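Since the structure comes first, as structure tokens, the remarks are kept for the end.
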Amino acid sequence: MSNYVSRLADSSLMELFEDLPAVSVIGPRACGKTTTARQIVPNVVHLDQEAVAQAFREDPDAALKAVGEPVLLDEWQFAPEVLGAVKRAVDLGGGAGRFMLTGSVSAQLSPQQWAGTGRVTELRMSPMTATESQDTGHKGHRLMVDRLATADADDLTTVDRSSLDISDYVGVALRSGFPQVVNVRERSREAWLRSYRDQVVSRDAQLAHRGIDSARFGQYLHAMALHSGAQVSAETLNRVADVSKETGAAYEQLLQRLYLLTLIPAWSSRRLQRLVKSPRRVLADAALMAAILGEDARGIVLDSELRGRVMETFVATQLLAELPFAQSRVTISHLRDGGGRHEVDFIVEYPRGRVVGVEVKASSTVSPHDARHLVWLRDRMGEQFIRGVVFYAGPFVRQLDDRVFALPMSALWEG
């Protein structure tokens, strides 16, 4: 397609498919999986079409043979029997680059049904990052999770002054990462996101969990959006949503299966004691979060608490989307001590226990006080602490302390 917008996944997906017989691209519905996969495999079988899915359910081996190779099996979860057919075809041999699968719902399969282990390699895609959605693309752009680990602080950004303010940054976050609405008018984008939310509650949730109470699940989704990016307990979420502990746990798992929720684990270290072990929950898209809450840019800018959560969600999604494509193995967690005296929004950890602390401040001003938790972490981690970064909505790059810097949030995509 001549108008295809390149994605972070392009090179990795091409390499996997050139080397392996079967690759599965997973991620939220409408994040661009099929469009990206079609650049490599134009022979597409749409298993979300009932007649096609039925043929694969009845005789998956014959159906798979009939469609030819290489083939893209789109939304395979509508006919999970196809996995067995792929497994058997792979086991018979035939080389690399044969089957590509995409899925928007993690199917609940029994151990007997799942045939993908050792045969199908998964690659996760997310909604577009701000880097991907820029008109100039991201060719030659170094991922922020890679830049954060470099020794030279000047490598963190190519700009020393940003012209954006907090209203602009909220606007970037609300632009969304779903490709269909990145470049449409605001009202059309909001309508699409509201429809997406409604379909998740009424259709996708039913596909993943038959018999679910849509109204109650919608309440839980609203509670999750209200607390996305915040450190909040499961008990609080369940109370806000008015659901039981068991129902809340099932709904949380359901959102994960739809690839709409990431649980950022609590960080642990032998150097630090009495750290909170509960995860931080982040929805897949800050604009979807706002649509679920029924909030617009003006309302978010004027509500400091909500603004903070939206921007924390935005920064988290930018970093999380980069993880599968980073040069080295990178993990993201969060830190909070038991007394709540110290909290670091995100811990980016590299091999050999080296860490970068990341804080998000949804304000145009920043001071050394805003970096106090990063300084505390640095003093306890010593040489394993690479640096601390406060992403904020101001214009300048500033050094706040030894190995601790403030960066405009635009550094996420202008590096």
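We did not get these values from a lab; they are worked out from the coordinates using the rules stated. This is a predicted model, so every value here is computed, not measured. Ideal geometry is used to build each Cβ from the backbone, glycine not excepted, and the neighbour counts take in all protein chains shown.
What aspartates and glutamates does K245 reach when the alpha-carbon gap must be under 19 Å and sequence neighbours fewer than 8 apart in one chain are set aside?
Cross-link targets: D213, E235.
Taking H placed 1.01 Å from N in the peptide plane, check which residues at least 5 places from H334 or on another chain put their amide H under 5 Å from its amide H.
A266, W267, I347
Please state, as a whole number in µm²/s, the translational diffusion coefficient that the Stokes-Einstein equation yields for region 10-124 at 20 °C and 1.002 mPa s, with Rh defined as the Kirkwood radius across alpha carbon pairs.
Stokes-Einstein gives a translational diffusion coefficient of 155 µm²/s.
Could you give the radius of gyration (one decimal) and Dmax (whole number) of the Cα atoms in region 329-392, in Å?
Cα only, region 329-392: 11.6, 35 Å (Rg, Dmax).
As an exercise, identify the trypsin sites (Lys or Arg not before Pro) in region 231-338 lying in DSSP coil whose Cβ has no more than 15 other Cβ atoms within 10 Å.
Sparse-neighbourhood loop trypsin sites (Lys or Arg not before Pro): R270, R271, R274, K277, R329.
For region 248-339, which GluC sites (Glu not before Pro) are both in a DSSP coil and crowded by at most 11 other Cβ atoms within 10 Å?
Nothing satisfies the criteria.
Note down the net charge around Q384, summing +1 for each Lys or Arg and -1 for each Asp or Glu among other residues with Cβ under 15 Å from its Cβ.
Residues near Q384 contribute +4 overall.
Using the 10 angstrom Cβ neighbour count as an exposure proxy, how do H369, H222, H227 rank, fewest first?
Starting with the residue having the fewest Cβ neighbours, the order is H369, H222, H227.
Hey, which lysines would be in cross-link range of K33, C-alpha to C-alpha under 25 Å, not counting anything within fewer than 8 residues on its own chain?
The qualifying lysines are K65, K87, K139.
Anyone know which of D296, D379, D74 comes out most mobile in the 10 Å Cα GNM of the chain?
The residue that fluctuates most here is D379.
Counting Lys and Arg as +1 and Asp and Glu as -1, each charge on the Cβ, what is the dipole of the chain about the Cα centre in debye, to the nearest 20?
In total the dipole reaches around 760 debye.
First select every other residue whose beta carbon is under 11 angstrom from the beta carbon of G95; then total the charges, Lys and Arg +1, Asp and Glu -1.
Details: positive: R98; negative: E18, D19, E69.
Spelling it out: positives minus negatives among the neighbours equals -2.
Which helices, counted as full DSSP H runs in the chain, have an axial Cα extent of no less than 24 Å and a Kyte-Doolittle average of -1.0 or above?
Details: long enough: 304-322 (28 Å, 0.13).
Counting only whole DSSP H runs, the qualifying helices are 304-322.
Divide by every residue of the chain the summed helix terms, -39500 (n - 2.57) for each DSSP H run of at least 4, and state the resulting mean residue ellipticity at 222 nm, rounded to the nearest 500 deg cm²/dmol. The partial results should precede the final answer.
On the way: 18 runs with 161 residues, N = 415.
Rounded to the nearest 500, the figure is -11000 deg cm²/dmol.
Would you grab the residues whose amide H sits under 5 Å from the one on V390? Only those 5+ places off in sequence or on another chain, please, with H modelled 1.01 Å from N.
E359, F405, A406, L407
Rank the residues L148, L164 as a footprinting-exposure proxy: fewest other Cβ atoms within 10 Å of their Cβ go first.
Details: L148 23, L164 17.
Final ranking by Cβ density, sparse to dense: L164, L148.
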